[in-house]
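Below: the structure, in structure tokens.
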Amino acid sequence: MIEPAGEPQSAGGAPETSSPRHTIELRGVSKRYRGTEALAPLDLEIRDGEFFCLLGPSGCGKTTTLNLIGGFVEATSGEIVIQGENVTNVPPHQRNVNTVFQSYALFPHLTVRDNVAFGLKMSRVPARESEVRTRDALELVRLTDYADYYPAQLSGGQQQRVAVARALVNRPAVLLLDEPLGALDLKLRKQLQVELARIHRDVGTTFVFVTHDQEEAMAMADRIAVMNSGRIEQVGTPEEIYARPSSRFVADFVGESNFFEVERRGDGTVVTAGGSPVPCSMGASSDWSRATLMVRPEAIRFAAHKGEHLCLEGEVLQSSFLGSFTRVAIACADTQAPVLATLPYGKRHRQELRVESTVSFTWDPEDAVVLDLQQA
Amino acid sequence: MAAENADVVARHRRVVRAGLGAWAVLIYAFLFVPIALLMLFSFNANRYGTFPITGWTLHWYEEALSNYQIQDAVQTSLQVALEVTMISTVVGTAAAFPLVRSRLPFRGGIRASLTLPILIPGLLIGVALLSYFTNLFNLQLSIQTAVIGQAVYATPFVILVVASRLEGFDRLLERAASDLGADTWKRLRYIVLPLIGPAVVAGALFAFTLSLDEFIITLFLIGGHNTLPIYIYTQVKFGITPEVNAVATMLIAASLSVSLLAFATPTLVRLARRRLATARPGTSAGRAA
């Protein structure tokens, strides 16, 4: 097995300038391309051995951030510290970081074995050790039998694993993965998600993974940084980000959500724009007057009887049985977009949610996340 | 009525097709009959190097190969061709990189003008270089001045071949190599050159054949020496001897085989790689066992 990257390969030299718990620190790092800001100054700490995910739509700056860590892009300002060493001005081939590229970038003229051994050859690892490490790396990604094939003879998933082995064999402090599953079909992608998570557990190296697929991020990451137009919106565990999104963008990008524009009245009741009172745990605190409530579809409950306290009413637009759950879209006077609700299989008879029937629904106060607080 | 019509159309089509076929044969004959005759006469015992064919012989080849003037000309030709190949391969390959990769302004224009010597008549290149060498620099004409003249002509071919290969080169591969610890030189040595290698070899072979039978530029610039084409030219001034036919035949054979090699190199490399790839898994299984 490949051992965890304990120390930097340039061991001994660099003085420890930061807490060893962080493999990567970005301090005020920004990037401008010809005057346009690709990345606003950002601070980010990635912990030792964690599977960290940069998540966001295209153009949000996630790949730029990855390229800054890899050294392929020069920072306009700020500094990048990897394992306590300031590498801001160190070229990629001297950084203790390896990358798995989206299109894999395997060398077509070299066999799988020679591809994997390339990094070791470059750093002049003795032949015997190189052979052992290459074999171990191929074993790690379960491609031992393909050592003598050329990349063109492998399937997409196999090529992807060669790329992972080629990077990990160098025992980098950090493995950077740039949408490595993007070119694969859905089923293979799911398999490789499991595979990558296993490899991460086996080697214990810090992984930094870039993706625009929130499900992929949730499936693998220990922590996620959600990015939007050159800024980090929120950093947290998948649960934190799903349950307590810090902005409307995060709530919208990660999972499905319903938004209600609300007002807080003097008596502490919270009402929608249409004037209907709704459940909200923040009614008691008096330092705000307007906000957006975010409620996940699975938190929406249908009232057992009409006129239940703090209910909204609406007309069922569509009710779709999707196997493990039923998804209901409700036209509601208090929101612009239809309210989405999901009901687990067997929880409720479909007939009761017939299209065009009127329903009343509500949620528990602690399920409503209050966003965009504003003073009067 | 309709059937009759179709019949007419079909007959018409047959006639046109036969006519075009005959025309194609004529063109082929026009191109290749003289060369075929020249080859034929080189084996003809008739000492005037023409019809009638009085018998078959290799005598003229023997004669040609033992003629020291011809030996000398062949040697000069090979020396010139090798030097031209080296210069134009190195210069052409190096030039292809900025032409494909840099963000130079007017890159298209620069590229066009660098490949222009292909279109400039050899006569012009020859005269221009002659006055440049003799009037401007007072150089003695020699094999070296001929080499420079031919390199001017051959380099653009190398640029074209290598540049077209570089266009299709995935630069991400270099980034990956850099990520794995390869500096600029190692990237060139282990990634770029092996991948564009077939094109470089093809370019070199082109340069070699172009040089081997280049005549006009060489005539202006080589001074007192003879390359093979120039020797043949001086001989035919006094009538075509069977010996010249033999030399010309050998020259054709050499040029043809080198150009064939040039065209086939990329394919051969690909085939060899595939062969290796399918052959080796077996050996690795043996090693594992």
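All of the numbers you see were taken from the coordinates with simple rules; none came from a lab. Since we're looking at a predicted model, the values are computed, not measured. Note that each Cβ is placed from the backbone with ideal geometry, even for glycine, and that neighbours are counted across all protein chains shown.
Simple spin-label estimate for A:Arg32 and B:Phe215 gives 6.5 nm between the two label positions (7 Å along the Cα-to-Cβ direction from each Cα).
For chain A, the calculated P(r), taken from all Cα-Cα distances in 20 Å bins from zero up to the bin holding the longest distance, is 25, 45, 25, 5 percent.
Helical runs (DSSP H, four residues minimum) scored at -39500 (n - 2.57) apiece and divided by the length of chain B put the mean residue ellipticity at 222 nm at -26000 deg cm²/dmol. Note on A:Ser281 and B:Val91: the model spin-label points, each 7 Å out from Cα along the C-beta direction, lie 7.8 nm apart. Taking the Cα atoms only, what angle lies between the long axis of helix A:186-203 and the longest principal axis of chain A, rounded to 10 degrees? Long axis of A:186-203 versus the principal axis of chain A: about 60 degrees.
Sparse packing (at most 10 other Cβ atoms within 10 Å of the Cβ) combined with a DSSP loop state is found for none of the GluC sites (Glu not before Pro) in the range A:20-119. Computed extension length for B:Ala272-B:Leu188: 28.0 nm, one decimal, from 0.36 nm per residue of separation with the Cα-Cα distance subtracted. Sequence-ordered 3J(HN,Hα) estimates for the range A:246-260 from the Karplus curve with 6.51, -1.76 and 1.60 and θ = phi - 60° stand at 8, 8, 4, 4, 4, 4, 6, 6, 9, x, 9, 8, 10, 10, 10 Hz, glycine and proline given as x. Among the GluC sites (Glu not before Pro) within the range A:245-307, not one is in coil by DSSP while having at most 11 neighbouring Cβ atoms inside 10 Å.
Between B:Trp23 and B:Asn135, 0.36 nm times their residue separation minus their Cα-Cα distance comes to what? The partial results should precede the final answer.
Values: separation 112, 0.36 × 112 = 40.32 nm, distance 5.04 nm.
Extra length from B:Trp23 to B:Asn135 when fully extended: 35.3 nm.
Compared with the dominant Cα axis of chain A, that is its longest principal axis, helix A:127-140 is turned about 20°.
With charges only on Cβ, +1 for K and R and -1 for D and E, what is the dipole size of the protein assembly as shown about its Cα centre, in debye, rounded to 20? Write out the running numbers ahead of the final one.
Numbers: 60 positive and 62 negative charges, 399 e Å.
It works out to roughly 1920 debye.
Taking label points 7 Å from Cα along the Cα-to-Cβ direction, B:Trp56 and B:Lys237 give a separation of 3.7 nm. A simple charge model with +1 on the Cβ of Lys and Arg, -1 on the Cβ of Asp and Glu and nothing else charged puts the dipole of the range A:22-248 at about 320 debye relative to its Cα centre.
Give the longest segment of chain A that steers clear of trypsin sites (Lys or Arg not before Pro) in DSSP loops with at most 16 neighbouring Cβ atoms within 10 Å, not counting the sites themselves. Could the numbers behind the result be given before it?
Values: sites that count: A:Arg21, A:Arg34, A:Arg124, A:Arg142, A:Arg265, A:Lys306, A:Lys347, A:Arg348, A:Arg354.
Longest site-free region, per DSSP loop and neighbour criteria: A:143-264.
Between the listed residues B:Val90, B:Gly223, A:Gln374, the Cα displaced farthest toward the positive end of the dipole of the protein assembly as shown, a dipole computed from Cβ unit charges relative to the Cα centre, is found at B:Gly223. Close amide H contacts of A:Arg47 (hydrogens built in the peptide plane, cut-off under 5 Å, sequence separation of 5 or more or a different chain): A:Thr23. For the protein assembly as shown, lysine pairs with C-alpha atoms less than 26 angstrom apart, excluding pairs fewer than eight positions apart on the same chain, total 5.
In this calculation the C-beta distance from B:Arg103 to B:Asn46 is compared with R0 = 45 Å, giving a FRET efficiency of 0.10.
From its DSSP helices (H runs of at least four residues, each -39,500 (n - 2.57)), chain A gives a residue-normalised ellipticity at 222 nm of -6500 deg cm²/dmol. Projected onto the charge dipole of chain A (+1 at Lys/Arg Cβ, -1 at Asp/Glu Cβ, origin at the Cα centre), which of A:Ser289, A:Ser123, A:Ser246 gives the Cα projection farthest towards the positive end? Looking along the dipole axis, the top candidate is A:Ser123. For chain B, what are the DSSP H helices with axial Cα length of 30 Å or more and mean Kyte-Doolittle hydropathy of at least -0.5? Correct list, ordered by number: B:2-42, B:68-101, B:143-167, B:242-288. Here the calculated FRET efficiency for A:Val355 and A:Ser289, from their Cβ-Cβ distance with R0 = 41 Å, stands at 0.65, rounded to the nearest 0.05.
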